[in-house]
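To start, I am sharing the structure in question, which I have written as structure tokens.
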Amino acid sequence: MDIDTVRTAAADEAAERRREQRGWYFYDWACSVYSTSVLTVFLGPYLTSVAKRAADADGYVHPLGIPVRAGSFFAYSVSLSVIVAVLVMPLVGAAADRSGRKKPLLGAAAYVGAAATTGMFFLGGDRYLLGGALLIVANAAQSVAMMLYNSYLPQIAPPEERDAVSSRGWAFGYAAGSLVLVVNLVLYLAHDSFGVSESMAVRICLASAGLWWGGFTLIPLLRLRDRPTTARKATAQTDGTDGADRADRADGTVGTEGTGRTAPGLRQLAATVRDMRRHPLTLAFLLAYLIYNDGIQTVISQASVYGSEELGLSQSTLIGAVLLVQVLAVAGALGMGRLARTYGAKRTILGSLAAWTLTLGAGYFLPAGAPVGFFLLAAAIGLVLGGSQALSRSLFSHLVPPGKEAEYFSAYEMSDRGMSWLGPLLFGVTYQLTGSYRDAIISLVIFFVVGFLLLARVPVRQAIRDAGNPVPERI
């Protein structure tokens, strides 16, 4: 083969990889609108109001005969969706790695979630049970789809490109979230001018997120491609068969241990954890991520409570701060991706954790009734938020053994979405003991300090080698 042919083949391969990466970015563009408009802004207050309309004289609703305070129904529905996702993700992840057919599973999860979100248009009157059911389905489907989406990263980007590719994906997501949230807020705040009620405006906003999610999911489904699994290729080369059953045994997590295709989700999760114990440095990173991500998620969820209850800020100020975070998170994700090229992903994440700590310290001293200070705090959060998440994802992708991307990313996704409970608990307990939201917000510093110390101790180069992956020049 002459050198020109080799160069042409390399150029074609690079062009195909870039095309696939662009398609991959668009799933973040598609689904992030659900997280921003539905979960963060509109659904919680609206579903709570629907539940209150259905409540009895004592303020309780009775799903399946169980007495539940109407004000707690949304939180319980979110919690139940996490349980469903924890049970389903390991099964889907293992199935995706065995079969190599991630794209159909990604499409199924995405369109189930998009359909459930679009169905929220019918969430009127006192239909709180419908709202809870749709939330559980949409949230669980979103977790499963994100796990599959994340597992594509090691396959579509070589080691030296992953930080940049992951950062661009997050940036696409935050950009979409900002764009649609602006449109939704215009409709919501000026609903009378559009001739619709406030309730109808919210239902349109909810349904539009589902339509956006489903419509733009077509792009990654057209551009991403499935790849033969490592176990299948090895078996096929050995005996010329597709080797499905032998592939199950070859990956060490299913087959003779009784965690095959019909195994319950918890058994498959246990098998995944057993396999991960053979890579203790990967587990060490996951533990560090679980802790500092718990802090990140708690700050995101409790910042509005701090702003309204401690600082006395208006709802419009809080909504504006949410938008500012979304917009600056785009620049933050891209900027930290560039920093990672120079300093490596691990050092850049450590720097972001230091920045989170300083931001919380500044928030503790913010004077009440100072919207400018709160906007500066939101700007600081936005600049480190996207980069912290994007680089954590790309760094973890180096620590995943080849052929087990979906299975390991199911554990990562559970750390991201299913394990962030300790931070809100600490926040709540601190407030209960001290009566001060300032003490509650500063208590979250412990997550960033401990996460920093644990991550600093992980020898990532050795962890990458132990996982069987090439070590990038800068990591």
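The values are calculated or read from the model by the stated rules, or taken from the named source; none is laboratory data. Here the structure is a predicted model, which means the values were calculated and not measured. Don't worry about glycine lacking a Cβ; one is built from the backbone with ideal geometry, like all the others, and counts go over all protein chains shown. Side chains included, ligands, DNA and RNA excluded: accessible areas come from the protein's heavy atoms. Shrake-Rupley method; radii C 1.70, N 1.55, O 1.52, S 1.80 Å.
Determine whether SER143 is within 20 Å of LEU87 (Cβ to Cβ) and part of a helix (DSSP H, G or I). Don't jump to the end; show me each part of the working.
Values: within 20 Å of LEU87 (Cβ to Cβ): yes; part of a helix (DSSP H, G or I): yes.
Taking the combined requirement at face value, the residue satisfies it.
Also: How many of the residues making up the range 305-360 are in contact with a Pro (Cβ under 8 Å, 6 or more places away or on another chain) and assigned to a helix (DSSP H, G or I)?
Count: 1.
Examine the range 84-96 for a residue that is free of Cβ contacts under 8 Å to residues at least 40 places away in the same chain and among the hydrophobic types (A, V, I, L, M, F, W, C), and state whether such a residue exists.
Looking only at the range 84-96, we keep the residues that are free of Cβ contacts under 8 Å to residues at least 40 places away in the same chain, and these are none.
No; the residues of the range 84-96 include none that is free of Cβ contacts under 8 Å to residues at least 40 places away in the same chain and among the hydrophobic types (A, V, I, L, M, F, W, C).
Restricting the range 7-51 to residues that are in contact (Cβ under 8 Å) with a residue 12 or more places away in the chain and of a type in the set (D, E, K, R), which is nearest to SER394 (Cα to Cα)?
First, the residues of the range 7-51 that are in contact (Cβ under 8 Å) with a residue 12 or more places away in the chain: 17, 19-44, 46-48, 50-51.
So of that shortlist, the ones also of a type in the set (D, E, K, R) come out as 17, 19-20, 22, 28.
Values: ARG17: 17, ARG19: 19, GLU20: 17, ARG22: 16, ASP28: 15 Å.
Looking at residues that are in contact (Cβ under 8 Å) with a residue 12 or more places away in the chain and of a type in the set (D, E, K, R), I get ASP28.
So, one more: Looking for whichever is at pLDDT 90 or above and open to solvent by 50 Å² or more (accessible area, probe 1.4 Å) here; the options are LEU91, LEU87, LEU130. Which one fits?
Values: LEU91 fails: at pLDDT 90 or above; LEU87 fails: at pLDDT 90 or above.
After applying the criteria, what remains is LEU130.
Within the group ARG168, ARG162, which residue is among the basic types (Lys, Arg), surrounded by fewer than 24 Cβ atoms within 10 Å (Cβ to Cβ) and touching a residue at least 60 places away in the same chain (Cβ under 8 Å)? Explain how you work it out, then say what you get.
On the way: ARG162 fails: surrounded by fewer than 24 Cβ atoms within 10 Å (Cβ to Cβ).
Selected residue: ARG168, the only one of ARG168, ARG162 that is among the basic types (Lys, Arg), surrounded by fewer than 24 Cβ atoms within 10 Å (Cβ to Cβ) and touching a residue at least 60 places away in the same chain (Cβ under 8 Å).
From the list ARG341, ARG347, which one is without any contact (Cβ under 8 Å) to a residue 24 or more places away in the chain and more than 18 Å from the chain's Cα centre (by Cα)? Step through it out loud before you land on a result.
Working: ARG341 fails: without any contact (Cβ under 8 Å) to a residue 24 or more places away in the chain.
Just a single option satisfies the conditions, and that option is ARG347.
Restricted to the range 133-147, and to residues that are open to solvent by less than 10 Å² (accessible area, probe 1.4 Å) and closer than 19 Å to TYR46 by Cα, which residue is farthest from the chain's Cα centre (by Cα)?
Here the residue is LEU135.
Quick check on the range 6-61: of everything there that is of a type in the set (Lys, Arg) and over 30 Å from THR118 (Cβ atoms), which residue is surrounded by the most Cβ atoms within 10 Å (Cβ to Cβ)?
Our first condition is that a residue be of a type in the set (Lys, Arg); within the range 6-61, this holds for 7, 17-19, 22, 52-53.
From what is left, the residues that are over 30 Å from THR118 (Cβ atoms) are 7, 17-18.
Values: ARG7: 10, ARG17: 16, ARG18: 14.
The selected residue is ARG17.
Here is a further query. Being over 21 Å from the mean Cα position of the chain (by Cα), among the hydrophobic types (A, V, I, L, M, F, W, C) and open to solvent by less than 50 Å² (accessible area, probe 1.4 Å) is the filter here, so list the residues in the range 356-385 that pass it.
Of all residues in the range 356-385, those over 21 Å from the mean Cα position of the chain (by Cα) come to 357-377.
If we keep only those that are among the hydrophobic types (A, V, I, L, M, F, W, C) as well, we get 358, 360, 362, 365-366, 368, 370, 372, 374-377.
The answer is LEU360, LEU366, ALA370, PHE374, LEU377.
Further question: Considering only the range 397-451, state which residues are in contact with a Gly (Cβ under 6 Å, 6 or more places away or on another chain), buried (at least 23 other Cβ atoms within 10 Å of the Cβ) and either part of a loop (DSSP other than H, G, I, E, B) or modelled with pLDDT of 85 or more (or both).
If the condition is that a residue be in contact with a Gly (Cβ under 6 Å, 6 or more places away or on another chain), buried (at least 23 other Cβ atoms within 10 Å of the Cβ) and either part of a loop (DSSP other than H, G, I, E, B) or modelled with pLDDT of 85 or more (or both), then ILE441, LEU444, PHE447, PHE448 are the ones that fit.
Let me ask you something else. Could we say that GLU473 is of a type in the set (Asp, Glu), part of a helix (DSSP H, G or I) and closer than 30 Å to ILE156 by Cβ here?
Values: of a type in the set (Asp, Glu): yes; part of a helix (DSSP H, G or I): no; closer than 30 Å to ILE156 by Cβ: yes.
So GLU473 does not fit the description; no.
Write out, first by first residue and then by second, each pair whose Cβ atoms fall under 8 Å of each other, whose residues are 6+ apart or on separate chains, and whose first residue, in the range 176-189, is more than 16 Å from ALA321 (Cα to Cα) while the second is among the small types (Gly, Ala, Ser) and open to solvent by less than 10 Å² (accessible area, probe 1.4 Å).
ALA176/ALA30; LEU187/ALA201; TYR188/ALA201
In the range 152-256, which helices (runs of 4 or more DSSP H) lie fully inside it and hold 2 or more residues that are modelled with pLDDT of 90 or more and basic (Lys, Arg)?
Numbers: elements: 153-156, 162-189, 198-223, 230-239, 244-250.
In the range 152-256, 198-223 are the helices (runs of 4 or more DSSP H) which contain 2 or more residues that are modelled with pLDDT of 90 or more and basic (Lys, Arg).
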